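The values are calculated or read from the model by the stated rules, or taken from the named source; none is laboratory data. Predicted model only: the values in this text are computed from it and were never measured. Methodologically, a virtual Cβ is constructed for each residue, glycine included, from the backbone with ideal geometry; neighbour enumeration extends over all protein chains shown.
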Amino acid sequence: TLEEVVEHKDDIYYYPDCETMTDVAYYYIDELQALGDIPPSLQNYIDYEAYGRDLDMGGCFIETSRGMCEIPY
């Protein structure tokens, strides 16, 4: 509910440069190094689109006109 969002506003993570879940997947893997340090020779084999779908199914993401938001509860 909106009340829950307001109560947890400090827990919401904002991805300003991400317009899609694929962008969020790139951010998780490349910026946050969710999979550790990936050698350049293996980077082309990562399916960012599929990982983005998995993130979306397992979390609570909201697409806004200014970027993606994640509500971790």
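Observations, loosely collected:
- For the stretch 27-49, the set of residues classified as within 27 Å of Tyr73 (Cα to Cα) and either touching a residue at least 24 places away in the same chain (Cβ under 8 Å) or acidic (Asp, Glu) (or both) consists of Tyr28, Asp30, Glu31, Asp47, Tyr48, Glu49, listed by residue number.
- Verdict on Leu55 being surrounded by 14 or more Cβ atoms within 10 Å (Cβ to Cβ) and either without any contact (Cβ under 8 Å) to a residue 40 or more places away in the chain or of a type in the set (A, V, I, L, M) (or both): yes
- A single entry from Glu19, Glu49 fulfils the requirement of being closer than 14 Å to Glu63 by Cβ and of a type in the set (Asp, Glu): Glu19.
- Whichever residue in the stretch 1-42 is part of a helix (DSSP H, G or I) and of a type in the set (Ser, Thr, Tyr) and, among such residues, is farthest from Glu70 (Cα to Cα): Ser41
- Count of residues meeting criterion [loosely packed, with under 11 Cβ neighbours inside 10 Å and either aliphatic (A, V, I, L, M) or without any contact (Cβ under 8 Å) to a residue 24 or more places away in the chain (or both)] in the stretch 58-73: 2
- Residue within the stretch 42-49 that is in contact with a Cys (Cβ under 8 Å, 6 or more places away or on another chain) and hydrophobic (A, V, I, L, M, F, W, C) present: no
- Matching residues in the stretch 43-73 - criterion: being at pLDDT below 90, part of a loop (DSSP other than H, G, I, E, B) and either of a type in the set (A, V, I, L, M) or in contact with an Asp or Glu (Cβ under 9 Å, 6 or more places away or on another chain) (or both): Gly59, Cys60, Ile71, Pro72, Tyr73
- For the stretch 25-52, a tally of residues being surrounded by 10 or more Cβ atoms within 10 Å (Cβ to Cβ) and farther than 15 Å from Tyr15 by Cα returns 11.
- Scanning the stretch 15-61 for residues being over 30 Å from Glu4 (Cβ atoms) and in contact with a Leu (Cβ under 6 Å, 6 or more places away or on another chain) gives a total of 0.
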